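This report concerns only the one structure given below.
The values are calculated or read from the model by the stated rules, or taken from the named source; none is laboratory data. These numbers come from a predicted model, not from an experiment. Note: ideal-geometry Cβ built from the backbone for every residue, glycine included; neighbour counts use all protein chains shown.
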Amino acid sequence: MCTGVPPLPMNDVSQLLSNLQASHFGVWVATSVWAYEIILALHAVGLAFLVGIMMVVDLRILGLAKAVPLTALRPAMRVVWGGFALQAASGISLFVADAPRFASNYMFRGKLASVFIGMSLAVFIDRSVLRTRSSLGSTATKSPALLAKALAALSLAAWLSAIVCGRLIAYHG
């Protein structure tokens, strides 16, 4: 925990969120004829790149398409990171348009938690499964394969949770 920096009182957080929404950018995104829709479309493209490729990787780790070597999927992770960058930029832009409502929405918070878990697992899978030939199925013991499959299953669950929570944001709070 940081010392010397007191947490913001709730009034300050509310004020910060209101200021974000009232900023020139926030007002532009919220009131422009096309801005919100274009940013939302970019968010969907980022979702396709990020989650689409991670699901392919996860399903391969779980045993689908065994003829495809895991190391062959490693270059696709650059597209995952690009999709995440697009998701983050577009997501922040959408958030700013209605910051107080999003911040108080428990589905939005669930989505953020799911994305955090999913990205943490993506980094771990990239570093421990895709970069080494012995991580899945070719070692003397079953533990690494079992661990890789557990990570892939958790990753799939995190991304599905992020998608469901993201869709439900509009209907809650």
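Remark: pairs (first residue in the range 56-81, at pLDDT 90 or above and among the acidic types (Asp, Glu); second residue loosely packed, with under 13 Cβ neighbours inside 10 Å and assigned to a helix (DSSP H, G or I); Cβ separation under 6 Å; 6+ apart in sequence or on different chains) are absent.
Inside the range 154-172, residues that are farther than 18 Å from residue 47 by Cβ and surrounded by 15 or more Cβ atoms within 10 Å (Cβ to Cβ) make up a count of 1. Condition check: modelled with pLDDT of 95 or more and aliphatic (A, V, I, L, M). Does residue 33 satisfy that? No.
When we screen 114, 93, 120 for residues that are at pLDDT 95 or above, in contact with a Cys (Cβ under 8 Å, 6 or more places away or on another chain) and hydroxyl-bearing (Ser, Thr, Tyr), the only hit is 114.
Conditions (1) closer than 18 Å to residue 130 by Cβ; (2) outside any helix (DSSP H, G or I), marked per residue:
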{"site": "28", "(1), (2)": "no, no"}
{"site": "43", "(1), (2)": "no, no"}
{"site": "46", "(1), (2)": "no, no"}
{"site": "50", "(1), (2)": "yes, no"}
{"site": "65", "(1), (2)": "yes, yes"}
{"site": "82", "(1), (2)": "yes, no"}
{"site": "100", "(1), (2)": "no, no"}
{"site": "107", "(1), (2)": "no, no"}
